[in-house]
Amino acid sequence: MTIQAMYELKRQGLLLGYSAGNGNVDPALAFAYEKRLAPIFHEGIMRESYDEDPFHDAYFVKSDFVAEVVKYIDECWLAKELEKVEFYKLEDKFGGYGSMRMELIHIIEYARISRRFDDEVYSAIESNAPVEANEIAAEFLPSEVYFG
């Protein structure tokens, strides 16, 4: 069985468990799995056990990119330079117009659902954003899981 197939089985099981609504799965982790985004805030035990996430190659949005975006937002937040995190500026910094738009939105939503940063950061991001990013999700409900 390939890593990709193993990841898809894990993903399906995690999302089925989350959609059952019993509260046993962190909403941000479920969001990351639904979007096939490397869950850098979660599953540290896998990285510790294997020296890396064994599913690294299975994610559509790789951990290096997720970490780079989050680190940049964090640096701007700590330096109180929130004008640098307006969405279009982030988009220019991380790939240019439209090239990584949805990936960038998913990373920012994952951070928000994980309760990283404060509302001021997300307000700054949304202040200059396209329609797809003018309301960054703050939660991910079991009823929102989509298996398509």
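Read-outs throughout are calculated quantities, based only on the coordinates presented, and are distinct from any laboratory measurement. Since we're looking at a predicted model, the values are computed, not measured. We place every Cβ from the backbone using ideal geometry, glycine too, and count neighbours over all the protein chains shown.
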*Is it the case that some residue within the range 35-46 is within 16 Å of Tyr7 (Cα to Cα), touching a residue at least 60 places away in the same chain (Cβ under 8 Å) and of a type in the set (Lys, Arg)?*
yes
*Working only within the range 87-118, note down all residues that are outside any loop (DSSP other than H, G, I, E, B) and among the acidic types (Asp, Glu).*
Glu91, Asp92, Glu103, Glu109
*Can you name the condition, by its number, that Val121 falls short on among (1) more than 12 Å from the chain's Cα centre (by Cα); (2) surrounded by fewer than 18 Cβ atoms within 10 Å (Cβ to Cβ)?*
(2)
*Would you point out the residue of the range 7-23, among those that are among the polar types (S, T, N, Q) and over 19 Å from Val61 (Cβ atoms), that is surrounded by the most Cβ atoms within 10 Å (Cβ to Cβ)?*
Ser19
*asked:* Cβ-Cβ distance below 8 Å, separation of 6 or more or different chains: which pairs start in the range 78-93 with a residue that is over 8 Å from Ile125 (Cα atoms) and end on one that is surrounded by 14 or more Cβ atoms within 10 Å (Cβ to Cβ) and of a type in the set (Phe, Trp, Tyr)?
replied: Leu90/Tyr72; Lys93/Tyr72
*Can you name the residue in the range 61-77 that is among the aromatic types (Phe, Trp, Tyr) and buried (at least 17 other Cβ atoms within 10 Å of the Cβ) and is also farthest from Ile125 (Cα to Cα) among such residues?*
Phe65
*Identify all residues within the range 54-85 that are under 26 Å from Tyr33 (Cα atoms) and in a loop (DSSP other than H, G, I, E, B); write none if there are none.*
Pro54, Phe55, Tyr59, Phe60, Lys62
